[in-house]
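Below is one structure, written out as C-alpha cells, with a few remarks after it.
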Amino acid sequence: MILGLVLLSITVGLAYRGWSFYRLSLEDRIEHPEFRALRPSGWLGNGYGYVAAMLVVMNLSYLIRRRFGNASMGSMRTWLDVHVFTGLLAASLVSFHSAFQLRTPIASVSAASLGTVVVTGLLGRFLYALGPGGARERLAAALDAVEHELPGTRSSLAAAISQRPGPNVPANASLLRCLLVIPSWLRTARVRRDGFGMLLPARRQMSRELRHATRELYAASAADARASGVAALLRSWRALHRFFALLMLSAVFLHAGVAWYYGYRWIFT
C-alpha cells in the first residue's frame, strides 16, 4: 500500500506539473511557455524517459533474484512488490516522457511493448496471489479448526475433499491447456462447497467461531482445488511475460540509442 501511494503521488504530481501543457492539442503546445521543457525531446520530458529506462533495468533485478538469489537477499514477496512498483512507475514516466503522443514507429513499438509487459505483469501478480504455496497445509489447518469447533466432522469433511480431487495439470503444460482447465478447478471448488454444506449445520445455527472456521475451510478447499492448475499456469505465464519483457527491453534500448545518436544528452552534460 505504501508503494501504491508513492506511485499515485508521483503520477498525480507529474500530471499537476504539466497539466496546462498536456491538455493542449499538438498544434497549440508549440505556443506553451514550457514547450521546450515538457516535449519528448525537452530537458524535462527527455529526463522522464531516461529515468524510466533506468527503472526498467532495475526492474529486471527481480529475475536475477529469482534465479540466483537466496533468502538473505530478502523475501520474494518484497522483491515482487518492488518489481511491480518499478514497472508501473516506469510506465507512468514513459507516458509523461512521450507527452501522451506517439509520433515515431520506434516510440510506438516501445510504448506498445511496455504496455503489454505491464498488463501481463499485473495478471501474473494476480495469479501469484492465487498461487498454491502451502495449500495443503492451509487446508489441514482449516479442517483442524472446524474439528475443534465441531468435533467428529474432520474425517467426513476430509473424505468429501478426497472424493472430489482437483485437476492434475503437468508442470510442462502449455498455456492453452492451463487456461482450458480453469473451469474444472472452479467446478471442483463449487462441488466441494456443496458437499460441505451437507455435512455442516446451517449457518444460522453456527457459532461465530464456527462460521469463521467454515469460511476458511471454503477458501482453503478452493485454493487446494486450483493449486496444480495455478502452478502450471503461473509457469507458462512467466514465460510469456519474460518474452514480452525482452522485446520491450530491446525496443527501449533502440529508442534510447536513437535519442543519444541525435544528441539528446543533456543529462550527461
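The values are calculated or read from the model by the stated rules, or taken from the named source; none is laboratory data. Here the structure is a predicted model, which means the values were calculated and not measured. Using ideal geometry, Cβ is built from the backbone for each residue, glycine included, and neighbour counts are taken over all protein chains shown. Calculation scope for accessible area: heavy atoms of the full protein, side chains included, ligands and nucleic acids excluded. Shrake-Rupley method; radii C 1.70, N 1.55, O 1.52, S 1.80 Å.
The number of residues in the range 148-198 that are touching a Ser or Thr at 6+ places or on another chain (Cβ under 6 Å), buried (at least 16 other Cβ atoms within 10 Å of the Cβ) and in a helix (DSSP H, G or I) comes to 2. Of all residues assigned to the range 24-36, at least one qualifies as being among the acidic types (Asp, Glu), in a helix (DSSP H, G or I) and either surrounded by 14 or more Cβ atoms within 10 Å (Cβ to Cβ) or at pLDDT 85 or above (or both). Residues that are buried (at least 16 other Cβ atoms within 10 Å of the Cβ) and not in a helix (DSSP H, G or I): does the range 92-110 have at least one? Yes, the conditions are met somewhere in the range 92-110.
Counting the residues of the range 1-19 that are open to solvent by less than 50 Å² (accessible area, probe 1.4 Å) and over 22 Å from the mean Cα position of the chain (by Cα) gives 4. For the range 119-126, the criterion of a residue being basic (Lys, Arg) and open to solvent by 60 Å² or more (accessible area, probe 1.4 Å) is satisfied by no position.
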